[in-house]
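Below is one structure, written out as structure tokens, with a few remarks after it.
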Amino acid sequence: KYLDDLIATIAAAQKPDGYLNTYYSLVEPDQRWTNIRVRHELYCAGHLFEAAVAHYQATGKKTLLNVALKFADHILSVFGPGRRRDVPGHQEIELALVKLYRLTGDARYLAQARFFLDERGRPEGHTLYGINQQDHKPVIEQDEPVGHAVRAGYMYAAMADIAALTRDAAYERALDKIWERLVFRKQYLTGGVGSSRSGEAFGEDYALPNATAYNETCAAIANALWNHRMFLLKADARYMDLVERVIYNGFLSGVSLSGDRFFYPNPLAYDGKTQFNQGAATRSPWFNCSCCPVNVVRFIPSLARYVYALRGNALYVSLYAAGTASFALDGTSITIRQHTRYPWDGRIALEVEPENERAFDLYLRIPGWAIGSPMPGDLYRYLEKTHIPISLRLNGRPIALEMDKGYAKIARQWRKGDRVELDLPMPIRRVVAHPQVKDNTGRVALERGPIVYCAEAVDNGGRISNLFLPDDAELAAEHRNDLLGGITVIRGTARKRTRDTEKAEKIESVDFLAIPYYAWNHRELGEMAVWLPREPSLAALPPRPTLASTAVASASHVWRLDSVEALNDQIEPKSSGDHSIPRFTWWDHRGTTEWVQYAWQEKKRIANVEIYWFDDTGRGSCRIPRSWRVLVREGKQWRPVSGASQAGVNLNCFNKMTFDSVLTDAIRVEVQLQPNFSAGILEWRAGE
């Protein structure tokens, strides 16, 4: 009833000509379709179309579908050959129009999807929107993933649909090039994509930072949607390997175990204090731009569709999950029952029950991780060379693996009572990255089955940045029903760097525990890392406390994607344009007077400050400030320091100001921003 009432309200809001967007209907009724680059009218329409198809498939009701079709017909009357030639600023409607075509058989919707794709990169039709919107060259000429990762993933998914439905070789060639460039050079071990928070975009080849990894939850979902369509196009298991990797890792970390709190970005390392999640240090119930929570709600109910596939006289089993499914294969009903504890256990039993005795081919995906390859390509590899044989049995008898594009093929006359047993061994694997991934040089990650693991401070003595995991450290798996909803953990012994005295250092053995990456950030705040040092030189000694590090930082304003904790995190920048570390900025304030402040519980003696300015010339609108000064708090009043040296605004270095020594419980840096520009700070020191 709730849904029926809601759909009735949606239908009542639709204009007689089919247009439907409440913002434009209520606020700017004369401005519809005037800014499709950023206002997302077509993007929102696409999500409505997908919802309408899903609602009809689930209920048989056409109430929402009729709204969607009327809106789609309106869009067709506005955009297309001989009409307006333009493209959505954010792709989504393209794959949704394909869904309308599949449901209705109306070829106009397929043609419109292709129109929106083929108009990209063609300046004769519209003003190009550039690389971030994948509108820099025609789609069939694109050969690497660029720009906004979510936009790209939706576009590639629609291209794969078009390639499959029209057998367009040019589309397929472009997709193959883009896919290989992504998987071989730009994808995280978790299946996450989009390393740069600047533009929520793909980074350069092999640029895969961990702490600042953006990896938007929506981008992981888009990656899964695309790879599933590539599998449907090519029947190759490597695409479903990536879908599985996203499902258990890159996407799943984006939603809490309680199902009602969410990550927008999904970093692979965390310092325990930075507010990386759109202004929060933990998962949030909602965001200012809340695409990720509703995308989770869209994706989870669709997961059953990825488990099986039909292709001619073949039934593919692509994912392993306990449950029952039924199919109609050329009029014959076939039921499959899976029995398994996957992903914690690699033993899978399938009961195959055709309605009548029937010959068909059963394909079982043999995951890449089970045969020695974490992902296609050479971006990641396992350190261990040992191979544990895979066992396949039919009605209790061992059979050989007849492989076809990553699937074990069993061709036979199937009868009721047939039982297939597949045993995929799940040893703990150490993963290393390609040498050009500089952030992971000398580091190792842990996997077991399809699960990527991480270490959290709460399980490892309160700190992990000073741990390292030697290659010969013994590790063992243990299932814990009492922890984080029931998980298999990895236990062992690691080594830790500590200071024995003020100057001396020592290394000691400590108990080590790793949990599935998806389950991190559910307990007390603390450090986290997927990639762990293999030797002591990369393990960080705990920094000595300083005046700045012991202060509580605050600011007049902080951009929601940045963090005030970056001011005193003791991470030294490589340059003023260093995007690999946490930062503080006053964005999106421009030309204003702003401040940052350190406060202590007890008065401290201070005689100098050092500031490392952030400047993203060429990428954004942060510049060194026009001027700055230092103030100290006396009671409830602020006064400028006396005897101050010059206030430096130099790039790529610490700008030191000295002044007459003061005893105070708070110090403030007041900054005048340049006209039309903002500013930021990468690190702020204070000294006696």
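The values are calculated or read from the model by the stated rules, or taken from the named source; none is laboratory data. Being a predicted model, the structure only gives us computed values, none of them experimental. Cβ atoms come from the backbone with ideal geometry, glycine included; neighbour counts cover every protein chain shown. With ligands, DNA and RNA removed, areas are computed over all heavy atoms of the protein, side chains included. Shrake-Rupley method; radii C 1.70, N 1.55, O 1.52, S 1.80 Å.
Key figures
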{"quantity": "For the chain, accessible area per residue (1.4 Å probe, heavy atoms of protein chains only), Å²", "calculated": "41"}
{"quantity": "Exposure ranking of 441, 498 by accessible area [1.4 Å probe, largest first]", "calculated": "441, 498"}
{"quantity": "Percent accessible area from carbon and sulfur atoms, the range 1-58, protein chains only, probe 1.4 Å", "calculated": "58"}
{"quantity": "Solvent-accessible surface ranking, highest first, for 248, 23 at 1.4 angstrom", "calculated": "23, 248"}
{"quantity": "Sites residue 592 and residue 325 - FRET efficiency at Förster radius 56 Å, r taken between beta-carbons, to 0.05", "calculated": "0.40"}
{"quantity": "Longest to shortest principal axis, alpha-carbon extents of the range 479-561, angstrom", "calculated": "44, 40, 20"}
{"quantity": "Alpha-carbon centroids, the range 57-121 and the range 223-280: separation in whole Å", "calculated": "27"}
{"quantity": "Extension gain, residue 525 back to residue 73 (0.36 nm per residue minus Cα-Cα distance, nm)", "calculated": "157.7 nm"}
{"quantity": "Mean ellipticity per residue at 222 nm, deg cm²/dmol - from DSSP H runs of n ≥ 4 across the chain, formula -39500 (n - 2.57)", "calculated": "-7000 deg cm²/dmol"}
{"quantity": "Magnitude of the charge dipole, the range 84-229, Cβ model with Lys/Arg +1 and Asp/Glu -1, debye to 20", "calculated": "220"}
{"quantity": "FRET efficiency, residue 59 to residue 575 (Cβ-Cβ, R0 56 Å, nearest 0.05)", "calculated": "0.50"}
{"quantity": "Carbon and sulfur %, accessible surface of the range 178-269 computed with the full protein complex present, 1.4 Å", "calculated": "47"}
{"quantity": "Where a label projected 7 Å from the Cα of residue 650 along Cα→Cβ would reach, residues of the range 572-589 with amide N under 17 Å", "calculated": "573-577"}
{"quantity": "Convex hull volume per residue in cubic angstrom - Cα atoms of the range 414-535", "calculated": "157"}
{"quantity": "Rg over Rh [alpha-carbon atoms, Kirkwood Rh] for the range 213-260", "calculated": "1.04"}
{"quantity": "Straight-distance crosslink candidates among lysines, where the alpha carbon sits under 20 Å from residue 405 and sequence neighbours closer than 8 are dropped", "calculated": "177, 234"}
{"quantity": "Computed log₁₀ I(q)/I(0) - Debye formula, equal Cα scatterers, no solvent, the range 481-623, q 0.11, 0.19 Å⁻¹", "calculated": "-0.65, -1.26"}
{"quantity": "Largest-first ellipsoid semi-axes for the range 379-477, taking √(5λ) over the Cα gyration tensor eigenvalues, angstrom", "calculated": "38, 17, 11"}
{"quantity": "Computed lengthening from residue 107 to residue 388, 0.36 nm per intervening residue step minus Cα-Cα distance", "calculated": "96.2 nm"}
{"quantity": "Gain on full stretching of the segment that runs from residue 339 to residue 17 - 0.36 nm per residue minus C-alpha separation", "calculated": "110.8 nm"}
{"quantity": "Distance histogram in 20 Å bins (all Cα pairs of the chain, percent per bin)", "calculated": "16, 45, 31, 7, 0"}
{"quantity": "The range 338-381 residues near the modelled residue 304 label - backbone nitrogen below 14 Å, point 7 Å along Cα→Cβ", "calculated": "338"}
{"quantity": "Hull volume in cubic angstrom per residue (convex hull over the Cα atoms of the range 40-110)", "calculated": "73"}
{"quantity": "Only Lys, Arg (+1) and Asp, Glu (-1) charged, at Cβ; the chain dipole about Cα centre in debye", "calculated": "320"}
{"quantity": "Fraction in percent of alpha-carbon pairs per bin - 10 Å, the range 613-685", "calculated": "18, 46, 28, 7, 0"}
